[in-house]
Amino acid sequence: MFVLSVLLVIAAVVLYVVARTSDRRGLKAGAAATLVAGLFAGTASMVYVVSAYEVGVPVVFGRVGAPMTSGMHLTSPFTSVTTFSTRPVDLNLSDKDVVEVRSSQGGVMYVEVTVKWAVTPGKAVELYKLAGSEGAIQQRLVYPDSREIIRNVFARYTSEQGYTSAREKINTEIGALIKERLAPRGIDVTTVNLRNVKPSDRLQDQIDRKIQQQQATERALEAARTATAEAERRRIEAEGIARANKILNNSLSDKVLMNQCIDAFKEAAAKHPVYAVPCGGGTGNPLIVDGTKN
């Protein structure tokens, strides 16, 4: 724009000189219009507008100036401005960028993470010096640091913890470490979302075998508990029977046995006419019971 303004001013001077030599009013009017256009272009080249949700970093002859917030700014014609968006940006570590991690046991897993980050306006100059552009910030700072931290955190946990039980804890730890690493550089990490953890095929086979072993162990323990309970039941039952027999043995006498024998054969004689049997184990007199009489 500045070069255009210079060319327009030169053209206006040339037209004015020609108009004076030829005394043509039309050329004078054209020279005036060209001069106005040149001055307008020159003024526009010294005005820079930073859009909303952006911050600009001015550079004049290799010197970096103070950050420019959103709005209109007056600059020299030789100033170049690099802008950075202050809106949150998503870094998706998935698909071809999925992070391969190893647990403390050496198991391989594939982790998908989304890191939401934004430029801190007050740190725009430092970020410009470190990266140079918004795209370079993500590729040179956010991307490699996030992958490194994710690998380091998973390396402190077992495969089972990383795959199931400690995922929430791991996600919180990764988010805190990424924020701590990038905040001094002017990058505000707002959210870290651990979306998916997928074990490798080899690790999945190991997990399946471990689950099968645990199930077999649980079945064996249950069978042992059942056998123990059954043995205890039988012991208690045997002790009860033994105590009952002891009580019965102490309470029996020859007269009681004789009486029970007589009652038993009375019941039998109710179905058959006559029985002639000895009672008392073959000792004493025989007992004759006529079942036809009461």
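The values are calculated or read from the model by the stated rules, or taken from the named source; none is laboratory data. As the structure is a prediction and not an experimental result, all values here were calculated from the model. Neighbour counts run over all protein chains shown; Cβ positions are idealised from the backbone, glycine included.
Before we move on, is K210 at pLDDT below 95 and part of a helix (DSSP H, G or I)? Judged against the criteria, K210 is a match.
If only residues of region 105-125 that are touching a helix residue (DSSP H, G or I) at 6+ places or on another chain (Cβ under 8 Å) and more than 17 Å from K179 (Cβ to Cβ) are counted, the one that is surrounded by the most Cβ atoms within 10 Å (Cβ to Cβ) is V111. Of V18, V49, V57, all but one fail to be in a helix (DSSP H, G or I) and at pLDDT below 90; the exception is V18. Within the option set R181, R195, being touching a Ser or Thr at 6+ places or on another chain (Cβ under 9 Å) and exposed (fewer than 13 other Cβ atoms within 10 Å of the Cβ) holds for one residue only, R195. Go through the residues of region 73-84 one by one and say whether even a single one is under 20 Å from P121 (Cβ atoms), of a type outside the set (A, V, I, L, M, F, W, C), modelled with pLDDT of 80 or more and not in a strand (DSSP E or B). No, region 73-84 has no match at all. I'd like to verify a number: residues in region 125-153 that are under 20 Å from M68 (Cα atoms), hydroxyl-bearing (S, T, Y) and part of a helix (DSSP H, G or I), how many? Of the residues in region 125-153, 1 are under 20 Å from M68 (Cα atoms), hydroxyl-bearing (S, T, Y) and part of a helix (DSSP H, G or I). For region 166-200, the set of residues classified as polar (S, T, N, Q), out of contact with any helix residue (DSSP H, G or I) (no Cβ under 8 Å at 6 or more places or on another chain) and outside any loop (DSSP other than H, G, I, E, B) consists of N171, T172, T190, N196, listed by residue number.
Yes/no per residue for (1) touching a residue at least 40 places away in the same chain (Cβ under 8 Å); (2) within 25 Å of L141 (Cα to Cα); (3) in contact with a Leu (Cβ under 7 Å, 6 or more places away or on another chain); (4) outside the structural domain of V111 (by TED's automatic domain parsing):
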{"position": "Y157", "(1), (2), (3), (4)": "yes, no, no, no"}
{"position": "G162", "(1), (2), (3), (4)": "yes, no, no, no"}
{"position": "N171", "(1), (2), (3), (4)": "no, yes, yes, no"}
{"position": "G175", "(1), (2), (3), (4)": "no, yes, no, no"}
{"position": "E180", "(1), (2), (3), (4)": "no, yes, no, no"}
{"position": "P184", "(1), (2), (3), (4)": "no, yes, no, no"}
{"position": "T190", "(1), (2), (3), (4)": "yes, yes, no, no"}
{"position": "N196", "(1), (2), (3), (4)": "yes, yes, no, no"}
